[in-house]
Amino acid sequence: MDKQTYSISFICLGNICRSPLAQGVFQDLVNRESLEERILISSAGVGNWHVGEPPDPRMQKTAEARGIPLRNRAQQIGPGDFRHLDLILAMDQSNLSALEQMCPRGMENKLKLFRSFDPKANGNLDVPDPYYGGGKGFELVFDIVSRTSPEILKFIRSKLGC
Ligand code: 4NP
C-alpha cells in the first residue's frame, strides 16, 4: 500500500508575498528531510488580483538571499480546494475570516492561523502584510516564517507518524 500523504496550503491575500515565501521555506525544509513524497505543499491567495504572477520581486530577493527560490505562480483558493487539503494555514486574521466564509461545512478543523505554531508569537497572531511597506517588512516575514516552519513540520510528522 502507498504511504499516507499530507497536503498543506499556505494562504494570504494576494499569494505574491507571505504565502509564496511560506511555501518556499517549507518545501526547502521538507526536501532536506526527504519527506517531499509524503508532504504536498501549495499556496494561494483569498484575492484574485495577482493570479498568474510570480512572487513580488522584493519577496523573491529576500528569499533568494537566504537560498530559497520561489517558483510558484499566484492562484486563488476556492471552496472546492478544501476537500483535498489536510491543513490550511492563514497568514493573518483577515485571511482566516475570508477562508471561514468559504469553508464547506465540516471542514472548519482544517483551518488554522500560521502563527498559532510560532514559538515566539506572544499573542501576535498575524504575519504582517509587507506589500505597502519597506524592506524591513520582508525581513520580518522571513524571520517569522523560518522560525515557525519547523514547528509546523513537527505537527505534520505527528499526524503522519513519521
Ligand atoms: P500577500 O501581500 O497577501 O502577502 O501576497 C499582498 C499582495 C498584494 C496586495 C496586498 C497584499 N494587494 O493589495 O494587491
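Taking region 77-105 as the region of interest, how many residues are in a loop (DSSP other than H, G, I, E, B) and within 13 Å of the ligand (Cβ to nearest atom)?
Applying the first criterion (in a loop (DSSP other than H, G, I, E, B)) to region 77-105 yields 77-78, 82-86, 91-92, 103-105.
Now restrict to residues that are within 13 Å of the ligand (Cβ to nearest atom): 77, 91-92.
Matching residues across region 77-105 total 3.
Quick one: in region 54-76, of everything that is in a loop (DSSP other than H, G, I, E, B) and either away from the ligand (no atom under 12 Å from the Cβ) or at pLDDT below 95 (or both), which residue is least open to solvent (accessible area, probe 1.4 Å)?
Going through region 54-76, the residues in a loop (DSSP other than H, G, I, E, B) turn out to be 54-56, 65-75.
Those still in the list that are either away from the ligand (no atom under 12 Å from the Cβ) or at pLDDT below 95 (or both) too: 65-69, 71, 73.
Numbers: 65: 83, 66: 99, 67: 55, 68: 13, 69: 60, 71: 189, 73: 134 Å².
Checked region 54-76; the qualifying residue least open to solvent (accessible area, probe 1.4 Å) is 68.
Within region 81-92, how many residues turn out to be open to solvent by 70 Å² or more (accessible area, probe 1.4 Å) and out of contact with any strand residue (DSSP E or B) (no Cβ under 7 Å at 6 or more places or on another chain)?
Of the residues in region 81-92, the ones open to solvent by 70 Å² or more (accessible area, probe 1.4 Å) are 83-84.
Those still in the list that are out of contact with any strand residue (DSSP E or B) (no Cβ under 7 Å at 6 or more places or on another chain) too: 83.
Going through region 81-92 one residue at a time, the tally reaches 1.
Output the residues belonging to region 7-53 that are more than 15 Å from the ligand (Cβ to nearest atom) and open to solvent by 20 Å² or more (accessible area, probe 1.4 Å).
27, 28, 29, 31, 32, 33, 34, 36, 37, 38, 40, 41, listed by residue number.
Before we move on, is residue 159 assigned to a helix (DSSP H, G or I), open to solvent by 50 Å² or more (accessible area, probe 1.4 Å), in contact with a strand residue (DSSP E or B) (Cβ under 7 Å, 6 or more places away or on another chain) and not β-branched (Val, Ile, Thr)?
Judged against the criteria, residue 159 is a match.
Within region 129-143, take every residue that is free of Cβ contacts under 8 Å to residues at least 24 places away in the same chain and in a loop (DSSP other than H, G, I, E, B) and give me the one that is farthest from the ligand (Cβ to nearest atom). Lay out the reasoning, then the answer.
Of all residues in region 129-143, those free of Cβ contacts under 8 Å to residues at least 24 places away in the same chain come to 132-134, 136-137, 140, 143.
Then drop every residue that is not in a loop (DSSP other than H, G, I, E, B), which leaves 132-134.
Working: 132: 7, 133: 10, 134: 14 Å.
Only one residue fits best here, namely 134.
The values are calculated or read from the model by the stated rules, or taken from the named source; none is laboratory data. Being a predicted model, the structure only gives us computed values, none of them experimental. Positions of Cβ are backbone-derived with ideal geometry, glycine not excepted, and every protein chain shown enters the neighbour counts. Accessible surface areas use protein heavy atoms only, side chains included; no ligands, DNA or RNA. Shrake-Rupley method; radii C 1.70, N 1.55, O 1.52, S 1.80 Å.
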